[in-house]
1. Starting from residues that are farther than 27 Å from B:N137 by Cα and β-branched (V, I, T), keep the ones in region B:40-68 and report whichever is surrounded by the most Cβ atoms within 10 Å (Cβ to Cβ).
2. Identify the residue in region B:51-90 that is polar (S, T, N, Q) and not in a helix (DSSP H, G or I) and, among all such residues, is nearest to the other protein chains (Cβ to nearest Cβ).
3. Could you tell me whether any residue of region A:33-43 is of a type in the set (S, T, N, Q) and within 13 Å of the chain's Cα centre (by Cα)?
4. So which residues in region B:107-127 are more than 8 Å from every other protein chain (Cβ to nearest Cβ) and under 17 Å from the mean Cα position of the chain (by Cα)?
5. For region B:19-34, which positions are over 19 Å from B:S72 (Cα atoms), assigned to a helix (DSSP H, G or I) and within 15 Å of the chain's Cα centre (by Cα)?
6. Answer yes or no: is there a residue in region B:114-127 that is touching a helix residue (DSSP H, G or I) at 6+ places or on another chain (Cβ under 6 Å) and in a helix (DSSP H, G or I).
7. Go through region B:133-148 and report how many residues are facing chain A (nearest Cβ under 8 Å) and either in a helix (DSSP H, G or I) or at pLDDT 95 or above (or both).
8. Give the residue that is surrounded by the fewest Cβ atoms within 10 Å (Cβ to Cβ), with candidates limited to residues of region A:35-45 that are touching a residue at least 40 places away in the same chain (Cβ under 8 Å) and of a type outside the set (V, I, T).
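The values are calculated or read from the model by the stated rules, or taken from the named source; none is laboratory data. These numbers come from a predicted model, not from an experiment. With ideal geometry, Cβ positions are generated from the backbone for all residues, glycine too; neighbour counts draw on all protein chains shown.
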Amino acid sequence: MVINETENSIPTHKSSSKVLNILLVEDNEGDIRLTKEALKESDFESELNVVKDGVEALRYLHKEGEYYEKNLPDLILLDLNLPKKNGIEVLESIKMSTTSSSNSDILKTYNLYANCFITKPVDFDDFIYIVKCIEEFWIDVVKLPSLNK
Amino acid sequence: MFYQGKRNIILVEDNLFDIKIIKDALEKSAENYNTIVFKDGKTAKEYFENSDAFLAENPHLVILDLTVPNISGKELLKHLKENSKTKKIPVVVLSLSNYSNDICESYKNYANCYITKPKDIDDFINKINIITNYWFNIVKLPKAIELY
């Protein structure tokens, strides 16, 4: 999943008993705080790990150094504008695909097999709402793959 | 941001009952959905390979059952995600199977998400509404740049 900046809004939320391991790759402190608050307000259990640049994201996912004992995430929330390595480069690396010929970020990310592309709302309530919609969809509706397969 | 134009959905499904539920749910929605149905994988594959019909209808989302005849949903998914013209189109796998191998294989073949079909009709309709709401109102689809 790729989250990028701008606006948006939408639906409802349900409860779930699963503990979801989420990796947030985000350098903006305000957005990190908002995501944490939105997850805290939700009625499902999650473990949120945050890394602040693309290089750290890849080290985390490759379980390098201090990340050796970390479990792989069920879900990655990936910002595109990251220091060191941007979101597109991270996506290229984790999905191991070829580069896109398109200039559009949206097209590029889908061509790199991002599961979906979502714009970050500027408004606080919309931001909370979008995070809840992401939760509802990916936790209550979607079947995620088991990581040991 | 909401889509202003027609929202074209390709449904690859051979079960007539499921087709009816999905089409009814989309038609009852306030949004402008246009559902193009293929009852087997082969005809669906031909559609995606026929650039005229494919480009004219500008599909935004594929809802794919795994057990369609001729070419299976699994093979069609692989084909769509290996083809540069179609790999960007989000594919929602909608299957009766809760089998972890089917789920894992679908994600390995780059399904955008995997959703199981509920047995209860109301739950089924509700799930269809959640799927379309998520993909058309929350997510930015790749075709968005052509619509705005």
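1. B:V68
2. Only one residue fits best here, namely B:S84.
3. yes
4. Within region B:107-127, B:N109, B:A111, B:K117, B:P118, B:F124, B:I125, B:N126 meet the criteria.
5. Within region B:19-34, B:K20, B:I21, B:I22, B:K23, B:A25, B:L26 qualify.
6. So far as region B:114-127 goes, yes, one or more of its residues are touching a helix residue (DSSP H, G or I) at 6+ places or on another chain (Cβ under 6 Å) and in a helix (DSSP H, G or I).
7. We begin by selecting, within region B:133-148, every residue facing chain A (nearest Cβ under 8 Å); these are B:133-135, B:137-142, B:144-145.
Right, trim to either in a helix (DSSP H, G or I) or at pLDDT 95 or above (or both) and you get B:133-135, B:137-138, B:144-145.
So the count comes out to 7.
8. Restricting attention to region A:35-45, the residues satisfying the condition of being touching a residue at least 40 places away in the same chain (Cβ under 8 Å) are A:35, A:37-39, A:41-42, A:44.
Keeping just the survivors that are of a type outside the set (V, I, T) gives A:37-39, A:41-42, A:44.
Numbers: A:E37: 14, A:A38: 18, A:L39: 21, A:E41: 11, A:S42: 20, A:F44: 17.
Looking at the filtered set, the residue picked out is A:E41.
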